[in-house]
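The values are calculated or read from the model by the stated rules, or taken from the named source; none is laboratory data. Remember, predicted model here, so these are calculated numbers, not experimental data. Cβ placement follows ideal geometry from the backbone for every residue including glycine, while neighbour counts extend to all protein chains displayed.
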Amino acid sequence: MPNHLSILGIIHTAISIIAILIALYALFKEGRINPKSNPGKLYILFTVVTCITGLPIMRFGHPTPGHYLAIIIFVLLLVGIYAGRIFGKAGDYVQVIAMSTTVFLSFIPAIVETLTRLPIAHPLAAGPADPPVKEVQFVLIALFLAGVIYQLIKLKRAKKAV
């Protein structure tokens, strides 16, 4: 079977799906991913485990952009967690951007892997540069930007109301 996953790949995929579902739950329930809330803490935990389990996976025998995304996601998680301490009054805004960006970046390899592996007999794309991948990534960018802008506006309104 040409698109098989290793045991580590299966574990990594399952954990990453759980992380994304938790992120979506937090976004819908709380309007953002708050590292101090239970969903935020779970999202961080599952995302860190996703990044760690993704690092040793070498589908092509060498690091890929996905490996570098994992490192960037680690850094953004730290920025999101400590935004209030680092950025003061702007911390909540930085936190929204950082945490939302981790979700966005997590979707990039998810899209590439899904479209280049499924359906198993005839995947929708041969590689990350294929049109189906680019089209889905374009939609993802639009959703990310709209979501971040919405969260920032909502946060600003909430701060004014206080």
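Structural remarks
- The conditions of being touching a helix residue (DSSP H, G or I) at 6+ places or on another chain (Cβ under 7 Å) and not small (G, A, S) are not met by T13.
- If the condition is being over 16 Å from the mean Cα position of the chain (by Cα) and modelled with pLDDT of 95 or more, then segment 54-83 contributes Y82, A83.
- Any hit, segment 93-106, residues being out of contact with any Leu (no Cβ under 6 Å at 6 or more places or on another chain) and under 17 Å from V133 (Cβ atoms): yes
- In segment 27-46 there is at least one residue that is part of a helix (DSSP H, G or I), farther than 30 Å from P123 by Cα and of a type in the set (G, A, S).
- The residue of segment 110-155 that is surrounded by the most Cβ atoms within 10 Å (Cβ to Cβ), among those that are touching a helix residue (DSSP H, G or I) at 6+ places or on another chain (Cβ under 8 Å), closer than 14 Å to R32 by Cα and of a type outside the set (F, W, Y), is Q151.
- Conditions (1) part of a loop (DSSP other than H, G, I, E, B); (2) among the hydrophobic types (A, V, I, L, M, F, W, C); (3) in contact (Cβ under 8 Å) with a residue 12 or more places away in the chain; (4) touching an Asp or Glu at 6+ places or on another chain (Cβ under 9 Å); number of the one not met by L124: (3)
- Filtered residue count, segment 24-48, keeping only those that are surrounded by 19 or more Cβ atoms within 10 Å (Cβ to Cβ), aliphatic (A, V, I, L, M) and more than 14 Å from Y150 (Cβ to Cβ): 2
- Lone qualifier among Y68, Y82 - being without any contact (Cβ under 8 Å) to a residue 40 or more places away in the chain and closer than 19 Å to L140 by Cβ: Y68
- Selection status of F144, of a type in the set (F, W, Y), under 16 Å from the mean Cα position of the chain (by Cα) and closer than 20 Å to Y68 by Cβ: yes
- Some residue of segment 14-29 being over 14 Å from the mean Cα position of the chain (by Cα) and either at positive phi or not aliphatic (A, V, I, L, M) (or both): yes
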